[in-house]
Amino acid sequence: MMEKKIQWGVGIVGAGGWGGLAHVPALAALAAYEATAVTGTRPESAQEAADRHGIGRFYTDASEMAKQPDVDIVAVTVKVPEHDRLIRMALEAGKDVYSEWPLARTTAEAEALLALAQKRGVSHIVGLQARGNPTVRYIRDLIAEGAIGRILAVNVVTLLPAFPTSKGTVDLAHAYLLDESNGADQLTIGAAHVLDSIEYMVAPFIEVSASLATQYPEINVLETGKMVWANAPDHVLVAGKLAQGSLVSAQFVNAGASGFTLRIVGTEGELTATPRDGLMFQMDRLNLSLARPSGEVRTLEAPDGYASTITRDLLPGPMYNVAHLYALFAERLDGGEAEFPDFTQAVRMHRLMDAIRAASSTGVRQTVE
């Protein structure tokens, strides 16, 4: 861990896509950070991103950027296949790392990155950003306090008709999601963010059964009109048991009208979370209600103490939960005890994904370590 600072400098690898959409505005909303540099694949695109976001310097070499003295944290926000190489560069430079989720293409890569981060003695965080959501954190405390009694069941249905395909089409930017070997698909993104939140709010999975399907195997690329084949799952069905005994049913469908409903059922009531902003679960602020067996239903709001200190107006959107996650990271960097998902939790989630794949391919229920 570095010494306590007034402001932490962040070098962003890939500010043209998700980095620019979520990380740049999240950092701008927090006094603890400054985006000091950006790395892009080409000089023109790197400079364009720097100019557009008001970032002072740009690079085409992530290793060079990571070596700069005013870069304390390297944020890796590019596509998953590049994570291993780029995170290693940052770790070898001795810098703290914020990596977007998934951490890597495979569990073996993720385990190696965790081992290297531990060897280098740096701080690390992974973008399972729903854990920064004030409403998710509030739900966790409600459950821990026994607000709905003993948890019997968790049920979630998520409809994602544009991830990664919409009616059998995909744009070039997202075509890589169709190849399972790239480590980014409906299971590792659409499902994983929700399953991780269930673990955070309720308890870890100890058993899973699953069925994975590719229901859009032939996909038309919008820009080229060419047909490509998909082998990554676009429909995920998971049944599981959590450590304290509750049962989980979770379905992620690439069809229908976008949205989700998450129900946590206890002996003394039910908590239900639905979209507030019309976004994927990990980005949305969430509506929350509490229903009692008597029929009474109340709308709940996370108390002010659950929201991190944001120094600028932060609109709903991809940056919202990312900003809260960065705020938790800053607390830890400054010597606090804030809890956030790090590479250890990322490895845990990679292993859960492996268990789900094995359950689907074998038809045999899997134990989750």
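The values are calculated or read from the model by the stated rules, or taken from the named source; none is laboratory data. Model, not experiment: these values are computed from the prediction. As a convention, Cβ positions derive from the backbone with ideal geometry for all residues, glycine included, and neighbour counts pool all protein chains shown. Accessible surface is based on the protein model in full, side chains and every heavy atom, while ligands, DNA and RNA are left aside. Shrake-Rupley method; radii C 1.70, N 1.55, O 1.52, S 1.80 Å.
Structure remark: mean-square fluctuation, Gaussian network model of the chain, C-alpha springs under 10 Å; the largest value among Thr169, Thr107, Thr135 belongs to Thr169. Given a 10 angstrom Cα cut-off, can you work out which residue in Ala144, Ala323, Ala50 is the most mobile in a GNM of the chain? Comparing Ala144, Ala323, Ala50 in a Gaussian network model of the chain, the most mobile one is Ala144. Around Val71, under 11 Å between beta carbons, what's the net of Lys plus Arg minus Asp minus Glu among the other residues? So the environment of Val71 carries a net charge of -2. The magnitude of the dipole of segment 111-227, with charges of +1 and -1 set on the Cβ of Lys/Arg and Asp/Glu and taken from the Cα centre, is near 340 debye.
Quick one: check the C-alpha center-to-center distance for segment 127-147 versus segment 51-101, whole angstrom. Distance between centres, Cα-based: 30 Å. For segment 252-302, trypsin sites (Lys or Arg not before Pro) meeting the loop criterion (DSSP other than H, G, I, E, B) and having at most 15 other Cβ atoms within 10 Å: Arg276.
Helix screen, the chain: DSSP H segments with Cα axial length of 18 Å or more and mean Kyte-Doolittle hydropathy at least -0.5 are 107-120, 319-333, 343-362.
The relative contact order of segment 182-263 comes to 30 percent, based on Cα pairs under 8 Å that sit 6 or more residues apart. Charges were assigned to the Cβ only: +1 to each Lys and Arg, -1 to each Asp and Glu. The resulting dipole of segment 1-128 about its Cα centre is roughly 160 debye. In this structure the chain gives 42 Å² per residue of accessible area when probed at 1.4 Å with all protein chains present. Counting only protein heavy atoms and a probe of 1.4 Å, the accessible surface of segment 75-160 is 50% carbon and sulfur. Projecting the Cα atoms of Ser258, Ile151, Ser99 onto the charge dipole of the chain, computed from C-beta unit charges around the Cα centre, puts Ile151 farthest toward the positive end. Each of Ala153 and Ser45 was given a label point 7 Å from its Cα along the Cα-to-Cβ line. The distance between the two points is 4.7 nm. Using +1 at the C-beta of Lys and Arg and -1 at the C-beta of Asp and Glu, which of Ile356, Thr309, Gly9 has the Cα lying farthest in the positive direction of the dipole of the chain? Result: Ile356, furthest along the dipole toward the positive end.
For the chain, a crude dipole built from +1 on the beta carbon of Lys and Arg and -1 on the beta carbon of Asp and Glu, taken about the Cα centre, is about 400 debye to the nearest 20. Between Thr367, Leu333, Thr272, the Cα set farthest toward the positive side of the dipole of segment 265-369 (charges on each charged residue's Cβ, about the Cα centre) is that of Thr367. Test of understanding: in a Gaussian network model of the chain with alpha carbons linked when under 10 Å, which of Ser249, Ser294, Ser166 would top the mean-square fluctuation ranking? Highest fluctuation among the options: Ser294. Total lysine pairs in the chain at Cα distances under 20 Å, for residues eight or more apart or on different chains: 8.
Quick one: with all protein chains in place, what share of the accessible area of segment 237-306 is carbon or sulfur, to the nearest percent (1.4 Å probe)? Percent of accessible area from carbon and sulfur atoms in segment 237-306: 51.
Distance between the C-alpha centres of segment 223-299 and segment 309-369: 17 Å, rounded to the whole angstrom. Need one word for segment 27-71: rounded, prolate or oblate. Basis is the Cα gyration tensor (sqrt eigenvalues a ≥ b ≥ c); a/c below 1.5 gives rounded, then a/b vs b/c decides. Oblate.
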